[in-house]
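What follows draws every value from the coordinates through simple rules; no lab data is involved. Predicted model, so just to flag it, every value in this text is computed and none were measured. Note that each Cβ is placed from the backbone with ideal geometry, even for glycine, and that neighbours are counted across all protein chains shown.
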Amino acid sequence: QVRLVESGGGLVQPGGSLRLSCAASGFTFSQYPMNWYRQAPGKERGLVAGFTNGGSTHYADSVLGRFTISRDNAENAVHLQMNYLQPEDTAVYYCYTNIFGKHYWGQGTQVTVSS
C-alpha cells in the first residue's frame, strides 16, 4: 500500500536550516506529483511547496527564496531544504500525494523554530 514517511524535523534557532525528507513506497513514485504541507497550532494545513504533473515546482509566497523542494526518483524520496527559518515556520510538516483522486499523507514531522 501507499506509504509516506517523513523525517528530519527538529528544533532549530531562527536563521537556521533543516532538511526534511519523505520516503515513499507502494506506488510508481516518478509518475506522481509530490507536495509538502504544514500545519501550525490553531491554523489550517497549507501548501508549502510541490511539484506539478509537468515537473515544475511551486512555493507558498511565505517560503519563496528560502525553501527548496527536490525529488530523487531513484530513491523514491522528496526533500525540502529549509533555510533562514523563522518562528512562524514552526509547524508539523506533511508529505502528500494524490493518486487517482485518493489523498495520501505521511504522519508528519515537527519543526520548531525558537531561540
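Here region 61-75 and region 77-105 have alpha carbon centers that stand 9 Å from each other. Distance distribution note for region 5-54: the fraction of Cα pairs above 17 angstrom is 52%. Inter-label distance, Asn53 to Val5: 3.1 nm, where each label sits 7 Å from its Cα along the C-beta direction.
Segment Tyr84..Asp72, full-extension length gain: 2.0 nm, with 0.36 nm per residue of separation and the alpha-carbon distance subtracted.
Hydrodynamic radius of the chain by the Kirkwood approach over all distinct alpha-carbon pairs: 14.1 Å.
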